[in-house]
Amino acid sequence: MSKTCLVTGGAGFIGCALSPLLAGQFSRVVAFDNLHPQVHPSAERPAALDSRVEFVKGDVTCPEDWDRVLKDFAPDVVIHLAAETGTGQSLMEASRHAHVNVTGTTQMLDALVRNNPEALPERIVLTSSRAVYGEGAWKDANGAIVYPGQRSREQLERAEWDFPSLKALPFNSHTTTPDPTSVYGATKLAQEHILSSWCLALGVTPVMLRLQNVYGPGQSLINSYTGIVSLFARMAKEGKSIPVYEDGVIIRDFVFIDDVANAIFAATIHSDGTTKPYDVGSGEATSVAQLADIISRYYKAPEHHINGKYRHGDVRHASCTIEETKEVLNWSPKIMVEEGVHILCKWIDDGAQA
């Protein structure tokens, strides 16, 4: 049976990695992307996008662009990747993040109804973010679960990085209550709520994945908001000591791009349509200081240094449990952080383009 898949933000980092999987599964795949200069300096179709994928340049916030892309087909599946992603940037450009992430999502839904009301997609897959959790759940000395909320400006200025007498717990979409600490995180949670309510009302299956920190070959090397792994690699390659914020014990789950692409593909094909989002990570909690050490050793660069700086909106601990995701999607991550970092660094050394 002939089926079509539409991918918003399909020419980006994740979209390109996902494209060969989709092209092998669907009879037609269309990537819809505005080629934002923060990610695409040449404003050209990226070479990494599978040649079997059709490309349409357009903006998810523009109704006319939506009508243009949907004029000759009704997608069976939509994968919604398009988003503004900078945690710190979102605090300075809140309107931009809200416009793309929230209004862009509602424009998509309106366009699907406007253009093909009798042929809505079977499912819509959303790549959400671990940023929706904020600081998440912590445990006190008595074993009680508490939500300390966002670290205050005064707390950070005192270099009080953790919450006293509390231990951070990994995120889990079944048990952790979302409480974003950034505009970006708030817009991603809004996307989840908008998509879920729309889909359930109109008989479309919503599939949501909360991604941890994605990295790997193909990541933009000019966009300072796409992640610290490529930023650290560029510094160490130049022989610099990597500056590490706070006290270096910021925890993240760094998940390799191929594992993320495989998780999205599995959710696209196999998800049972649960309204609970899937947590997608490596399942391995890594401190930022540990990450800096791995990269510094690879390049034989000077040891990292702690600079005591901080960013408002950053959370202290961010990792997740992935057991439910592994079981339901029949998926598991294959590349852990040290191997993945080495693959990324080799890609950069081999002449990766920005």
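Just one of the listed residues (Thr106, Thr85) is part of a helix (DSSP H, G or I) and either among the β-branched types (Val, Ile, Thr) or over 17 Å from the mean Cα position of the chain (by Cα) (or both), namely Thr106. From the list Thr205, Thr187, Thr181, the lone residue that is β-branched (Val, Ile, Thr) and either over 17 Å from the mean Cα position of the chain (by Cα) or surrounded by fewer than 18 Cβ atoms within 10 Å (Cβ to Cβ) (or both) is Thr205.
For every residue, the table says whether it meets (1) under 20 Å from the mean Cα position of the chain (by Cα); (2) of a type outside the set (A, V, I, L, M, F, W, C); (3) in a helix (DSSP H, G or I).
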| residue | (1), (2), (3) |
| --- | --- |
| Phe265 | yes, no, yes |
| Thr268 | yes, yes, yes |
| Ser282 | yes, yes, no |
| Gln290 | no, yes, yes |
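If you go through segment 86-122 and keep only what is crowded, with 20+ Cβ neighbours inside 10 Å, within 15 Å of Val204 (Cα to Cα) and at pLDDT below 95, you end up with nothing. For Asp259, the conditions (1) in a loop (DSSP other than H, G, I, E, B); (2) in contact with a Pro (Cβ under 8 Å, 6 or more places away or on another chain) are fulfilled apart from (1). With a requirement of 1 or more residues that are among the β-branched types (Val, Ile, Thr) and in contact with a helix residue (DSSP H, G or I) (Cβ under 6 Å, 6 or more places away or on another chain), the helices (runs of 4 or more DSSP H) lying completely within segment 151-249 that satisfy it span 183-202. Suppose the filter is at pLDDT 95 or above and in contact with a Lys or Arg (Cβ under 7 Å, 6 or more places away or on another chain); does Leu211 pass it? Against the criterion (at pLDDT 95 or above and in contact with a Lys or Arg (Cβ under 7 Å, 6 or more places away or on another chain)), Leu211 qualifies. Just one residue in the set Val60, Val56, Val7, Val39 is more than 15 Å from Thr268 (Cα to Cα) and in contact (Cβ under 8 Å) with a residue 60 or more places away in the chain; that residue is Val39. Taking into account only those residues within segment 243-301 that are out of contact with any Asp or Glu (no Cβ under 9 Å at 6 or more places or on another chain) and at positive phi, which is surrounded by the most Cβ atoms within 10 Å (Cβ to Cβ)? If we take residues in segment 243-301 being out of contact with any Asp or Glu (no Cβ under 9 Å at 6 or more places or on another chain) and at positive phi, then Gly248 is surrounded by the most Cβ atoms within 10 Å (Cβ to Cβ).
Of all residues in segment 17-34, those satisfying the criterion of being surrounded by fewer than 24 Cβ atoms within 10 Å (Cβ to Cβ) and either in a strand (DSSP E or B) or within 14 Å of the chain's Cα centre (by Cα) (or both) are Arg28, Val30.
I need the full set of residues from segment 267-296 which are free of Cβ contacts under 8 Å to residues at least 60 places away in the same chain and within 17 Å of Tyr133 (Cα to Cα), in order please. The one that is free of Cβ contacts under 8 Å to residues at least 60 places away in the same chain and within 17 Å of Tyr133 (Cα to Cα): Gly283. Is there a residue being at pLDDT 95 or above and of a type in the set (Val, Ile, Thr) anywhere in segment 219-240? No. Please give the number of the condition Ile124 fails out of (1) of a type in the set (A, V, I, L, M, F, W, C); (2) more than 17 Å from the chain's Cα centre (by Cα); (3) closer than 29 Å to Ser2 by Cβ. Condition not satisfied by Ile124: (2). Among residues of segment 18-31 that are more than 21 Å from Asp259 (Cβ to Cβ), those with a beta-carbon under 8 Å from a residue that is surrounded by fewer than 17 Cβ atoms within 10 Å (Cβ to Cβ) and of a type in the set (S, T, N, Q) at least six positions away or on a different chain give the pairs Ser27/Ser2; Arg28/Ser2. Could you identify the single residue in Ile322, Ile335, Ile348 that is aliphatic (A, V, I, L, M) and more than 19 Å from the chain's Cα centre (by Cα)? Step by step, each of Ile322, Ile335, Ile348 is checked, and only Ile348 is aliphatic (A, V, I, L, M) and more than 19 Å from the chain's Cα centre (by Cα). Filtering segment 288-344 to residues that are within 25 Å of Val183 (Cα to Cα) and touching a helix residue (DSSP H, G or I) at 6+ places or on another chain (Cβ under 9 Å) leaves Val288, Tyr310, Arg311, His312, Gly313, Asp314, Val315, Ala318, Ser319, Cys320. A single member of Ser296, Ser282 is within 25 Å of Ser173 (Cα to Cα) and hydroxyl-bearing (Ser, Thr, Tyr), and it is Ser282.
The values are calculated or read from the model by the stated rules, or taken from the named source; none is laboratory data. None of the values given here were measured: they were computed from a predicted structure. Heads up, the Cβs are rebuilt from the backbone with ideal geometry, glycines too, and the neighbour counts pull from every protein chain shown.
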